[in-house]
Amino acid sequence: MEEESRNPKFKRFKDQISKPTLKAIRDMGFTHTTDIQAEVLPKALDGMDVVATAKTGSGKTLAFLIPVIEVVLKTLESSVQGTSSIIISPTRELAMQTYSVLQDLIVHHESITSALVIGGENRKAQSSELAKGVHIVVATPGRLFDHMRSKEFDYRNVKCLVLDEADKIFQYGFEEDVKQIIGRLSKNRQTMLFSATQSETTDALIKSAMKENVTSINMNEDNDRATVEGLKQGYVICETEYRLFWLHKLLKKTQNSKVMIFFSSCKSVVFHHEFFSKYCRMPVLCIHGKMSQADRTETISNFYNTDKIALFCTDLAARGLDIPAVDWIVQFDPPSDPNEYIHRVGRTARGLGATGQAVILLRPEEKDFVNYLKEAKIYIDKYEMWDKFSNLQPKLDEAFLNPSFEALAVDAYEGYIRAFEVKKLKHVFNLLDINLEAVAKSFGLKKKPEIDVRIGFSKKHRPRKRMAATLATTGSAKQMKSQ
Ligand code: ADP
Ligand code: MG
């Protein structure tokens, strides 16, 4: 392929990358570097601070893991004690995945040790691993900072810090933790910051965490498209009341594929999962922030290992996960902005020459979102709406016989509407022009629940509206955390 021949082979870096690492890369089936790897590796292997922005799926993980391993090898030679590299990820799932790629990469380095330090898992076991002075730590910010406050963890000699998905670290409300972590680490270190999109928060982080002569590599700049070539993407305009029917039809049409479906709230994920798995007997999984870590891990592994299945998820699952061969990305609820769109569709068409499909469902009132995408260099086609839907009423009737199902529907209805409060593009995602009866219908409810969800109508709701506006502009911490 043309793209492959343009990019240097990993072998070309044989003076800077150790033999066991090169062997592991070969074992993983990679010969040529991706664009971002070709740009980052020479600088990072040279010990420079690097800020790298590149589309999801472009191969950023190896771009930092390879230099991290070389840093460790150098410290091994100098017999320095304790942890020498830390990689910070915004979500547990991403940390687990990065850790697993790391295991593949160090398989031929018998002396290199590593640990995964994430919330929801056994703190004591992590402490004892850290006490042993593992060389590489892959962590989420909260748990890492917890351990840094204990005596067992010797991080004085950390020579390399990586912040992966840096913009999200802030969005998930880890700003303070990350600041504290950076403050405690030795200044005599290399820092690398990776992200799919640039934002003001990453700029601030760069100023506080990195050396002045940092190298910036932005692969998005000289590209006329913000998403990868192999991705076929479109939108469908659907009246609110038909949304559930549309989703049912979509699941039928894509039953031979691996599909990810995005929702704006945990409650909506739970409701739709219950309806389609239990009452329509369709093969669907779900993942969201309110599940235990063990359940999340099991779901990801099921999804990873099954070819024909749908995963219902919130944006929690959108970041960084590298699940191979997802055929379809479905945005059943819209993202909050074009950046979130890029991250979501980044779950398909990953790696060199890969392909995938993406579709976003918009209400007629939300059509203007397509123009925002265009401004962000994302060009999507209009797909026609299907005209014939199955009659779901008998299944809904059966489900609603169960009062707990009705409670799920009401919760999901509320979750859907609440999600509008934190959307950024207020005139596209406008709560005030929503037909609540139609929304209720889209959750199978015969009439609108008696919940006062309208904001900004009465005086008593005004403070909440202000809060929603603040959250929208600051990119909310707590709200995002619970997604
Ligand atoms: P990003 O972090 O930029 O979103 P990842 O590092 O998760 O991307 O990589 C995306 C996919 O590309 C993974 O499946 C990975 O195995 C694959 N990949 C990485 N480097 C290469 C390479 N040099 N050649 C081919 N595929 C690669
Ligand atoms: Mg990544």
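The values are calculated or read from the model by the stated rules, or taken from the named source; none is laboratory data. Because the structure is predicted, anything quoted here is derived from the model rather than measured. Quick reminder, even Gly has a Cβ in these numbers, built from the backbone with ideal geometry, and neighbours come from all protein chains shown. Calculation scope for accessible area: heavy atoms of the full protein, side chains included, ligands and nucleic acids excluded. Shrake-Rupley method; radii C 1.70, N 1.55, O 1.52, S 1.80 Å.
Just one of the listed residues (294, 310) is away from ligand 2 (no atom under 16 Å from the Cβ), open to solvent by less than 10 Å² (accessible area, probe 1.4 Å) and among the hydrophobic types (A, V, I, L, M, F, W, C), and it is 310.
Counting just the residues of the range 316-333 that are of a type in the set (Asp, Glu) and open to solvent by 10 Å² or more (accessible area, probe 1.4 Å), which one comes out modelled with the lowest pLDDT? Can you show your working first?
Kept after step one, since they are of a type in the set (Asp, Glu), are these residues of the range 316-333: 322, 327, 333.
Then keep just the ones that are open to solvent by 10 Å² or more (accessible area, probe 1.4 Å); that gives 322, 327.
On the way: 322: 66, 327: 89.
Restricting to residues being of a type in the set (Asp, Glu) and open to solvent by 10 Å² or more (accessible area, probe 1.4 Å), the top hit is 322.
Within the range 370-395, the set of residues being without any contact (Cβ under 8 Å) to a residue 60 or more places away in the chain and crowded, with 19+ Cβ neighbours inside 10 Å comprises 373 only. Among the residues making up the range 63-105, those that are closer than 20 Å to residue 192 by Cβ and charged (D, E, K, R) are 70, 74, 104. For the range 252-291, name all the residues that are surrounded by fewer than 22 Cβ atoms within 10 Å (Cβ to Cβ) and assigned to a helix (DSSP H, G or I). Scanning the range 252-291 gives 252, 253, 270, 274, 277, 278, 279.
Within the range 177-192, the only residue that satisfies the criterion of being among the basic types (Lys, Arg) and open to solvent by less than 40 Å² (accessible area, probe 1.4 Å) is 189.
Condition check ((1) over 18 Å from the mean Cα position of the chain (by Cα); (2) open to solvent by less than 20 Å² (accessible area, probe 1.4 Å); (3) within 16 Å of ligand 1 (Cβ to nearest atom)) across all residues:
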position	(1), (2), (3)
50	yes, yes, yes
69	yes, yes, yes
78	yes, no, no
83	yes, yes, no
97	no, no, yes
100	no, no, yes
113	yes, no, no
125	yes, no, no
139	no, yes, no
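Considering only the range 156-176, how many residues are in contact with a Leu (Cβ under 9 Å, 6 or more places away or on another chain) and surrounded by fewer than 20 Cβ atoms within 10 Å (Cβ to Cβ)? Of the residues in the range 156-176, 2 are in contact with a Leu (Cβ under 9 Å, 6 or more places away or on another chain) and surrounded by fewer than 20 Cβ atoms within 10 Å (Cβ to Cβ). Within the range 414-434, the set of residues being touching a helix residue (DSSP H, G or I) at 6+ places or on another chain (Cβ under 6 Å) and over 23 Å from residue 373 (Cα atoms) comprises just one member, 415.
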